[in-house]
Amino acid sequence: MAKNKSRKRNKKKNRIRFHRSFFLPFVITLTAAVAAGVLALAAHQWIMEPVKTKKTEAVRPDQEEKPPEADRTEPSGEIVENDGGEAKPAAEEGGPEAVSKYQETLDDPVYMEENGIYAREPAQPGQVTMTFAGDILFDTNYAIMSVVGSGGDISKGVTPEVIGRMQAADIMMLNNEFAYSDRGAPLEEKQFTFRARPETAAYLNDMGVDIVSLANNHAYDYGPTALEDTFDTLREAGIPYVGAGRNISEARRPVYYIVGDIKIAFVSATQIERLDTPDTKEATETSPGVFRCWNGAKLLETIREAAENSDFVVVYVHWGTENQVELDWAQLKQAPELIAAGADLVIGDHPHCLQPIGVIQGVPVIYSLGNFWFNSKTLDTGMVEVVIDETGIVSYQFIPCLQSGCKTTLLQGAEKERVLSYMRSISAGVQIDGEGFVSW
């Protein structure tokens, strides 16, 4: 038994010696291998660090490496040449080299002239600012011209602050309620007849006017000859007109403005006078006159055609009852018809006073802007400034003014708020804030 125990102890000692003889060299070898690996990795990182730092500095996350070639191909397939420096990107959409969707029209001046199309660069890319005012009069036989004097300075009648707002618009439109001529005779039995010297058309340019309506009950006051002189005078002054013409086709024809990438149609017509045989003659196939809309069928047809050929349609209409704030039945009947035909904005005048701002099926209507610079009476008036983009109306602002003592001024402070408060009181269905911005 003792011998067996001794044998077991010897076997155990032998196993211990065997493990030691194998394990110690293995541990030493493994440790050396690990140490060598660590040293090799550290050396690799030390060697590669300058390259890594340089690459990080050259290509940031918001940059991409440009190929070294002199020319490169854009995703669109366009080759952009390099003139010795960095590769130049192709023109971005909407950039200075972008092509308008109306470029073919813009490249054909003969077509533009034949179709009443004008071009304008917008002050704000992607938007168009349009400003509208009511009736003006340049007849030296009436008091309104007394303040201008022999020097012909229109800013003595329409103050510089008002003119500044007019000139700031991409397109400024108002109602030219008289003829430019030294010829013709006043219509018999008509109480008031208006005619201005042709040279006074320069005032329109001084004020920043871009287009006028002749669809009113005074453009024909001195007969067909004076009306045709009016067309010639405005053309020479570079002022497009709408709502009258040498024949009915011209009288009905819209004027178009391409501003940036937006094409706007301007249509104008008059309900006045409301007679079967009015003093103010409508144009025919062979004679000059205005475009009448007492029977509105032709006007609605014109609006539909304009809507098909433009992005936005403005209808400037002469209607309503003089010196009456309340809307009459003919305005209430025709306004929704204009909008159903395709009008995107309706501007009214003729009553010589302000009338309500309304909205019909999302389209704003100001029924009358009243007198703008027309006589010596003290009357509240104003301008409407509308900003549009490709989606439609961005903002609509009523700008309070005052005609008094043959001057039109821009209102501020308490007087401005007084007129805005009045417009709120007569305009149902809209909100007008302290700056005159209208919402609905």
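Counting other Cβ atoms within 10 Å, which chymotrypsin sites (Phe, Trp or Tyr not before Pro) in the stretch 252-325 have at most 11 and lie in a DSSP loop?
Answer by residue number: there is no such site.
If R0 is taken as 60 Å, the Cβ-Cβ distance between Glu188 and Ala414 corresponds to a FRET efficiency of 0.80. In percent, what relative contact order does the stretch 273-427 have, based on Cα pairs under 8 Å that are 6 or more apart in sequence? Computed value for the stretch 273-427: 15 percent relative contact order.
Measuring against 23 Å, Cα to Cα, the residue pairs Lys377/Lys416; Lys156/Lys281; Lys156/Lys416; Lys156/Lys190; Lys190/Lys407; Lys156/Lys263 contain Lys156/Lys281; Lys156/Lys190; Lys190/Lys407; Lys156/Lys263 as the ones spanning a longer distance. Taking each residue as 0.36 nm, the span from Trp440 to Val147 lengthens on full extension beyond its C-alpha to C-alpha distance by 101.5 nm. The GluC sites (Glu not before Pro) found in the stretch 213-296 that occupy coil by DSSP, while having at most 12 further C-beta atoms within 10 Å, are Glu285. When the charge dipole of the stretch 93-164 is built from unit charges on Cβ atoms (+1 for Lys and Arg, -1 for Asp and Glu) and taken about the Cα centre, the candidate among Gly157, Ser100, Thr129 whose Cα reaches farthest toward its positive end is Gly157.
Sequentially through the stretch 328-345, phi angles give Karplus couplings (6.51, -1.76, 1.60; θ = phi - 60°) of 9, 4, 5, 5, 5, 6, 7, 3, x, 5, 4, 6, 4, 6, x, 5, 9, 7 Hz, Gly and Pro residues having no value and appearing as x. Measuring from a point 7 Å past the Cα of Asn247 along Cα-to-C-beta, which residues in the stretch 267-288 have an amide N at less than 11 Å? Those under the cut-off are 284-288. Residues of the stretch 316-348 falling in the label zone of Arg304, defined by backbone nitrogen less than 20 Å from a point 7 Å along Cα to beta-carbon, are 316, 333-346.
R0 = 25 Å: FRET efficiency of Glu121 with Lys101, Cβ-based, nearest 0.05?
Efficiency computed from Cβ-Cβ geometry: 0.95.
Using amide H atoms built in the peptide plane, which far-off residues or other-chain residues are under 5 Å from Tyr118 H to H? Residues meeting the criterion, in which the H sits 1.01 Å from N, are Tyr256, Tyr257, Ile258. Taking the accessible area of the stretch 199-283, probe 1.4 Å, and keeping the other protein chains in place, the carbon and sulfur fraction comes to 42%. Rolling a 1.4 Å probe over the protein heavy atoms gives the stretch 280-410 an accessible area of 35 Å² per residue.
Listed values for the stretch 148-162 are Karplus-derived 3J(HN,Hα) couplings in whole Hz (6.51 cos²θ - 1.76 cosθ + 1.60, θ = phi - 60°), namely 6, x, 5, x, x, 8, 5, 5, 6, x, 10, 5, x, 5, 5, and x replaces Gly and Pro. Solvent-accessible surface (1.4 Å probe) assigned to Leu275 amounts to roughly 100 Å².
Looking only at the stretch 312-355, which residues have a backbone nitrogen under 15 Å from a spot 7 Å from the Cα of Glu390 in the C-beta direction? So the set is 312. Under 5 Å from the amide H of Ala215 lies no amide H of any residue 5 or more positions distant or on a separate chain, with H modelled from the backbone and absent for Pro and chain starts. Over every Cα atom in the stretch 277-430, the radius of gyration and the widest Cα-Cα span, Dmax, amount to 16.5, 53 Å.
The values are calculated or read from the model by the stated rules, or taken from the named source; none is laboratory data. Note that this is a predicted model, so its numbers are computed, not measured. As a convention, Cβ positions derive from the backbone with ideal geometry for all residues, glycine included, and neighbour counts pool all protein chains shown. With ligands, DNA and RNA removed, areas are computed over all heavy atoms of the protein, side chains included. Shrake-Rupley method; radii C 1.70, N 1.55, O 1.52, S 1.80 Å.
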